[in-house]
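The values are calculated or read from the model by the stated rules, or taken from the named source; none is laboratory data. No experiment lies behind these values; they were computed from the predicted model shown. Methodologically, a virtual Cβ is constructed for each residue, glycine included, from the backbone with ideal geometry; neighbour enumeration extends over all protein chains shown. Quick note on the areas: whole protein, heavy atoms, side chains included, nothing else; ligands and nucleic acids left out. Shrake-Rupley method; radii C 1.70, N 1.55, O 1.52, S 1.80 Å.
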Amino acid sequence: MMFVGDSLNRGQYVSMICLLHTLIPEHAKSMKSYDNDALTVFRAKDYNASIEFYWAPFLLESNSDNAVVHRVPDRIVRRGSINKHGKHWKGVDILVFNTYLWWMTGLDIKILKGSFEDEEKEIIEVSAEDAYRMAMRSMLRWVRKNMDRKKTRVFFTSMSPTHGKGIEWGGEPGKNCYNQTTIIEDSNYWDSNSRKTIMNVIAEEFSKSKFPITFLNITQLSSYRKDAHTSIYKKQWSPLTAEQLANPVSYADCVHWCLPGLQDTWNELLFSKLFYP
């Protein structure tokens, strides 16, 4: 099994490992990272099985492909480049894809027509929806050409909601997920950062797919969990300033999720759809 995508998919991957590894004796399991952390592999030796994570936040090649140093001010995605990463997915029995957050810059997406090695680069800008459609078509084409529908399964996890605007759920203006301890009880609540236009793109492209893709729709159920983020307890990659420490709302992570937590539920859903399709 391989999870392919961004840090939210890595969170689901870590959740899966945590759910499984306690049942496996120490001598019968291992976990290693390769290629500058682009690939992480957990092995259950007695079962001849591995569960892996591969970093590819856009699925296509981009200038954010370094799994450690990927914060770039100007994100560029290379058109028609899925094989750059796809060569590492061949032979996998169960693929779990995700991609969303990195496309949501609030701006048009820069698309590279040639190669990152070209001296003169031809770059066009398109809407997030058009760029995302391009990625979905590339992914579905790769799956059709490289996966055996009689022996393999492919899953796609929907967008993970964020909770950065407290006013959206009736909270105070300027507040976010920091110090939230209860769920959102409005069953109609929908996070404004979860674009329904992107959901429409997924629905349209998946409906045309000749290879069956199992859609893990985690968006609505996760939208209620403003209390489940890592908030101020995430790893900080650089020291916090005195101003930040004085205002925890300013550095609370309202994107990623605590473990144990919500992403265990995503994997319960994955388990159900895997074994009881």
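Taking only protein heavy atoms and a 1.4 Å probe, what accessible area per residue, in Å², does the chain have with all protein chains in place? The partial results should precede the final answer.
Working: 14780 Å² over 277 residues.
Heavy-atom accessible area per residue stands at 53 Å².
Here segment 171-236 has an Rg and Dmax of 15.8, 47 Å, counting Cα atoms alone.
Length, then width, then depth: along the principal axes, the Cα atoms of segment 1-135 run 53, 27, 25 Å. Largest first and in whole Å, the equivalent-ellipsoid semi-axes of segment 98-152 read 26, 17, 8, each the square root of five times a Cα gyration tensor eigenvalue.
Taking Cα centre as origin and charging only the Cβ of basic (Lys, Arg, +1) and acidic (Asp, Glu, -1) residues, the dipole magnitude of segment 22-99 rounds to 200 debye.
Fully extending the segment from Tyr233 to Tyr47 would add 63.4 nm, taking 0.36 nm per residue of separation and subtracting the current Cα-Cα distance.
Using only alpha carbons, segment 85-176 has a radius of gyration to Kirkwood radius ratio (Rg to Rh) of 1.10. Between Pro25, Leu8, Pro57, the Cα set farthest toward the positive side of the dipole of segment 1-141 (charges on each charged residue's Cβ, about the Cα centre) is that of Pro25.
Averaging the inverse of every distinct alpha carbon separation and then flipping it gives the Kirkwood radius. What is it for segment 55-121, in angstrom units? Intermediate values should be presented prior to the final figure.
Details: mean 1/r = 0.0766 Å⁻¹.
About 13.1 Å, per the Kirkwood formula over Cα pairs.
For q = 0.23, 0.25, 0.26 Å⁻¹, what log10 I(q)/I(0) does segment 195-277 give under the Debye formula with an equal point scatterer on each alpha carbon and no solvent? Taken in order of the listed q values, log10 I(q)/I(0) reads -1.13, -1.20, -1.23. About the centre of its Cα atoms, the chain shows a dipole size close to 1100 debye [charges on the beta carbon of Lys, Arg (+1) and Asp, Glu (-1) only; nearest 20 debye]. How many percent of Cα pairs in segment 1-66 exceed 15 Å? More than 15 Å apart: 52 percent of the Cα pairs in segment 1-66. Of all DSSP bridge pairs formed entirely within the chain, close to 55 percent run antiparallel.
As a quick test, which of the pairs Lys29/Lys235; Lys84/Lys145; Lys150/Lys273; Lys145/Lys208; Lys45/Lys145; Lys87/Lys113 have an alpha carbon distance above 22 angstrom in this structure?
Values: Lys29/Lys235 26 Å; Lys84/Lys145 15 Å; Lys150/Lys273 16 Å; Lys145/Lys208 15 Å; Lys45/Lys145 30 Å; Lys87/Lys113 20 Å.
Lys29/Lys235; Lys45/Lys145, as the Cα separations exceed 22 Å there.
Remark on segment 131-277: Rg and Dmax equal 18.3, 58 Å (Cα only). Debye sum, Cα scatterers, the chain, no solvent: what log₁₀ I/I(0) at q = 0.09 1/Å? Once normalised to I(0) and log-transformed, intensities are -0.45. Isolated cysteines of the chain, defined as having no other cysteine beta carbon under 4.7 Å away, are Cys18, Cys258.
Quick one: dipole size for segment 100-238, taken about the Cα centre, charges +1 on Lys/Arg Cβ and -1 on Asp/Glu Cβ, in debye to the nearest 20. Can you show the working numbers first?
Working: 22 positive and 18 negative charges, 184 e Å.
Rounded to the nearest 20 debye, it is 880 debye.
When you restrict to C-alpha pairs under 8 Å that are six or more residues apart and normalise by the size of the chain, the relative contact order lands at 17 percent.
Please report the carbon-and-sulfur percent of the accessible area for the chain; probe 1.4 Å, protein heavy atoms only, DNA, RNA and ligands left out.
Numbers: 7450 of 14780 Å².
Of all accessible area on the chain, carbon and sulfur atoms account for 50 percent.
Comparing Gln263, Phe215, Ala246 along the charge dipole axis of segment 205-266, the residue lying farthest to the positive side is Phe215, per the Cβ-charge model.
Set the Förster radius R0 to 45 Å, insert the Cβ-Cβ distance between Glu26 and Thr181 as r into 1/(1 + (r/R0)^6), and round the FRET efficiency to 0.05. Mind dumping the intermediate values first?
Numbers: r = 36 Å, r/R0 = 0.80.
Step by step, r from the Cβ atoms, then E = 0.80.
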